[in-house]
Structures are given as C-alpha cells and as structure tokens.
1. For the range 37-69, which residues satisfy the criterion of being surrounded by 18 or more Cβ atoms within 10 Å (Cβ to Cβ), more than 12 Å from residue 8 (Cα to Cα) and touching a residue at least 40 places away in the same chain (Cβ under 8 Å)?
2. For the structure I just gave you, tell me whether residue 252 is without any contact (Cβ under 8 Å) to a residue 40 or more places away in the chain, surrounded by fewer than 16 Cβ atoms within 10 Å (Cβ to Cβ) and not in a helix (DSSP H, G or I).
3. Please enumerate the residues belonging to the range 180-207 that are at pLDDT 90 or above, part of a loop (DSSP other than H, G, I, E, B), closer than 29 Å to residue 100 by Cβ and out of contact with any strand residue (DSSP E or B) (no Cβ under 7 Å at 6 or more places or on another chain).
4. Take residue 241 and decide whether it is on the phi < 0 side of the Ramachandran plot, more than 20 Å from the chain's Cα centre (by Cα) and at pLDDT below 95.
5. Of all residues in the range 101-130 being out of contact with any helix residue (DSSP H, G or I) (no Cβ under 7 Å at 6 or more places or on another chain) and within 16 Å of residue 303 (Cβ to Cβ), which is surrounded by the fewest Cβ atoms within 10 Å (Cβ to Cβ)?
6. Identify the residue in the range 304-319 that is crowded, with 23+ Cβ neighbours inside 10 Å and at negative phi and, among all such residues, is farthest from the chain's Cα centre (by Cα).
7. Any idea how many residues of the range 147-173 are closer than 22 Å to residue 329 by Cβ and modelled with pLDDT under 95?
C-alpha cells in the first residue's frame with residue numbers, strides 16, 4: 001500500500017515541488033494552505049492535489065497518515081499541526097523529510113551565503129548531460145528540470161543546503177538535517193539579519209556544519225573567501241578529504257568568457273569571477289562523483305545559468321538588459337563587478353530593489369558599502385509599502401548614499417518615476433542591470449526591452 005502524507009503549507013515554492021515529486025513517486029498526498037499563488041496553484045491542480053478550500057482543517061488529519069510535512073510559514077498554533085501532535089503522527093520539516101528519503105544515498109550538500117543555486121544547477125546539468133541517475137533539491141526552477149525536487153531510487157542526491165530556519169518548531173538551519181557525505185562551501189557573508197543577529201552567530205552555523213562532516217567525508221571549500229578558508233584550515237587532513245578551490249582560469253575576449261584548461265579553450269555562457277569560482281567548485285563535486293574533467297568540459301558550454309541569474313531580457317550588438325536575483329551585499333557586488341568586467345568599454349546602469357528585511361533595515365544597510373563602486377550610474381528602488389509591512393523606517397537618499405558610499409546614488413520610491421527614468425536613458429554602448437529578490441512591483445519592461453533590442457551600433 002502506498003504511503004500517505006499531508007502537507008501543512010503546500011503552496012510554497014519548494015513545498016509544492018516536493019508534493020509533486022512525491023505524487024510522481026507513487027505516494028498519496030494531501031495538503032492545506034491559507035493562500036496559494038501561481039504557478040503552484042495550477043501545478044497542484046493538474047496533479048489532482050490542490051486543496052478544495054483555503055485555510056486549515058483539523059479534520060484532514062487522521063491516524064492513517066504516515067507523516068506530516070510542515071512548511072516554514074505555518075504557525076506553531078496551526079490546528080492541523082495540533083491535531084497531528086495529539087494523534088502522535090510523525091511531523092517532518094522539509095529538510096528532515098529529504099533526509100528521511102535519502103538515508104541510503106550518497107548525500108552532496110552545496111552550502112554558502114552565495115552561489116548555491118548556480119553551483120547546484122551546474123552539477124545537475126553535467127550529471128543530466130551524461131545520463132546519470134541522481135536525485136536533487138535546488139532552490140529555483142532550472143532549465144531542463146520540471147521540478148525543484150526529485151526523489152527516486154537513485155544512489156546519489158545533490159542538495160542545495162540553505163542556512164535559513166528549518167520550521168516553526170525547529171529554529172536551526174536547514175542544512176544541519178541533511179547529514180552530508182560531501183560538503184561544498186562557497187562563501188560566508190552575513191545574511192538573514194532577522195534570524196542571525198550578529199555576524200559571529202551567523203558564521204558559527206557554518207562552522208557547526210563543517211564539523212558535522214563524517215570521518216572519510218569530503219570538504220570542498222572556496223579558499224578565496226577568508227572565512228571559509230579559515231574553516232578549511234582548521235580541519236584535520238587525516239580525517240577528511242580536503243579540496244580547496246579558487247576561480248577556474250579564464251580569459252575574457254570581446255564580451256565572451258573562455259575556460260583555459262591544459263592548453264585548450266572552452267567557451268561558456270556564464271561570466272564573472274564569482275561564477276568562475278562556482279564553476280570550479282562544481283567541477284570538483286563532479287570529479288568526486290566519478291566524472292572526469294573532460295566529461296565536465298563537454299557538458300558545461302551548454303549551461304545557460306540558473307534562473308534569474310544574469311538572465312538576459314533584451315540584447316543588441318552594444319547593449320544588454322540583465323535581470324539578476326542579487327540582493328545580499330556580497331551578491332550585489334559580485335554581480336555588478338561581473339557585468340562591468342565582462343564589458344569594460346560599456347557604461348553600466350545598475351539598479352537594486354531593496355526588498356528583504358535585512359536590506360531595508362537601517363542597522364544592516366551599512367553592509368552595502370562599496371557594492372556599487374563599479375557601476376557608472378547607481379540606482380536604488382524602495383517600495384514604501386514593503387517597508388511598512390516589515391514595520392521598518394523608510395530610509396532617505398542621504399542615508400543610502402552614506403551606507404553605499406556613493407554620493408551620486410539615486411533613490412526612487414515610486415515605480416512609475418523609476419520606469420520613466422530608465423526609459424529616458426541612452427543605451428548606446430550601455431548595459432542595464434536590474435537586481436532584486438523581489439519583482440519591482442511588476443514594472444512593465446516592454447518599452448525598455450524594445451529600446452535595447454533596437455540599438456544600432
């Protein structure tokens with residue numbers, strides 16, 4: 001008989017993907033949520049598991065369930081959760097359930113404050129290219145994969161290991177639950193200010209994770225990040241297989257990036273020092289899983305990048321409109337520098353929507369100092385509504401200029417004014433970079449796109 005699981009908060013990006021993966025595996029799945037948006041709604045409906053009504057219903061919880069999977073945005077007093085506890089039904093957080101399903105597999109965890117999704121996506125791309133059998137968990141919808149999660153009988157699983165909280169019942173980072181065999185760490189730059197109040201507290205979570213590596217396990221770490229390198233240096237090389245990495249050797253010519261390896265060149269679609277670091281880390285993971293360098297180099301030119309990372313929305317011979325997910329300080333700086341270094345002769349207009357709790361917080365914003373230095377024009381967009389929803393104070397232009405260390409930084413707090421400003425710029429030999437983990441209030445980009453597509457050199 002197939003196992004039955006109920007999802008509390010089934011509508012989340014990763015939660016609904018896990019639910020769909022379990023349906024594909026033959027499990028019986030039900031769920032609840034107080035709000036379900038697209039594309040979750042249509043995808044759950046198509047699979048026949050969309051809840052009939054919004055809200056929480058204790059009567060959905062019965063003794064014949066094999067387990068409850070608890071989403072992050074459910075509250076501790078959720079009636080379905082209370083009923084499950086009364087009936088002593090096992091309650092799994094998302095990461096606990098992933099581990100429960102992958103105990104017999106080789107578990108590879110990709111961690112770090114930045115680059116996780118890109119590194120994980122590169123590895124999945126290479127493994128899929130060579131027809132290997134694997135499971136995975138990745139934090140974004142990526143090209144060539146229907147779901148963000150796959151659970152099957154495959155012998156290995158590649159997991160994007162997030163340091164954010166596990167569930168309302170478990171305030172520890174998710175990545176503690178995966179019990180990795182192979183761990184990659186890309187970098188440590190303070191994030192999630194609302195959860196980890198000091199950088200020391202944040203950094204400590206990564207140290208605990210490294211210390212969880214079993215004897216004989218592998219730790220692949222970016223030696224170009226001082227904090228990660230310090231953790232690697234503390235490890236006992238007699239107990240762990242330690243593999244430090246830095247950016248893969250490369251050259252940029254006429255806006256194109258080439259990997260340099262054993263006197264041969266491989267042209268790739270991604271660029272930027274941070275992405276060449278990501279690529280080297282992915283290469284070492286693939287080698288740890290038994291692939292050769294040559295197999296990696298054959299597959300990687302077809303990798304287009306993870307969703308919303310250096311995504312090209314419009315392009316002509318001398319201008320490109322990029323959208324990027326960059327939001328934390330380290331990500332913002334890496335992305336701005338990457339675009340400017342790739343096209344040094346072009347003007348760069350860089351726009352950042354401050355959207356997360358950390359970025360909108362006056363006590364944290366100084367961490368953005370010098371992140372915009374390589375942009376020719378630096379613009380910030382703040383939505384006053386998003387600020388008030390987070391019960392924070394709206395910062396003014398002077399505060400942001402001081403925080404970012406840019407006296408010429410321009411602030412917009414109305415989306416129409418930002419749109420007008422961008423549409424009146426001259427894009428001859430100019431790149432425009434829009435960065436945010438939000439969506440710029442669904443700003444209509446059609447005029448901008450057509451303006452950039454039509455630039456004549």
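The values are calculated or read from the model by the stated rules, or taken from the named source; none is laboratory data. Source: prediction; values computed, not measured. Quick reminder, even Gly has a Cβ in these numbers, built from the backbone with ideal geometry, and neighbours come from all protein chains shown.
1. Answer for the range 37-69, where residues must be surrounded by 18 or more Cβ atoms within 10 Å (Cβ to Cβ), more than 12 Å from residue 8 (Cα to Cα) and touching a residue at least 40 places away in the same chain (Cβ under 8 Å): just 65.
2. Working: without any contact (Cβ under 8 Å) to a residue 40 or more places away in the chain: no; surrounded by fewer than 16 Cβ atoms within 10 Å (Cβ to Cβ): yes; not in a helix (DSSP H, G or I): yes.
In short, no.
3. Scanning the range 180-207 gives a single hit, 188.
4. Details: on the phi < 0 side of the Ramachandran plot: yes; more than 20 Å from the chain's Cα centre (by Cα): yes; at pLDDT below 95: no.
So residue 241 fails the test.
5. Applying the filter and picking the extreme gives 128.
6. Filtering the range 304-319 down to residues crowded, with 23+ Cβ neighbours inside 10 Å leaves 306, 309-310, 319.
Retained after the next criterion (residues that are at negative phi): 306, 309, 319.
Working: 306: 9, 309: 9, 319: 27 Å.
The residue in question is 319.
7. Residues meeting the conditions: 5.
Here is a yes/no grid of residues against (1) in contact with a strand residue (DSSP E or B) (Cβ under 8 Å, 6 or more places away or on another chain); (2) at pLDDT below 95; (3) under 26 Å from residue 146 (Cα atoms); (4) in the same structural domain as residue 29 (by TED's automatic domain parsing):
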| residue | (1), (2), (3), (4) |
| --- | --- |
| 42 | no, no, yes, yes |
| 45 | no, no, yes, yes |
| 60 | yes, no, no, yes |
| 65 | yes, no, no, yes |
| 69 | yes, no, yes, yes |
| 72 | yes, yes, yes, yes |
| 75 | no, yes, no, yes |
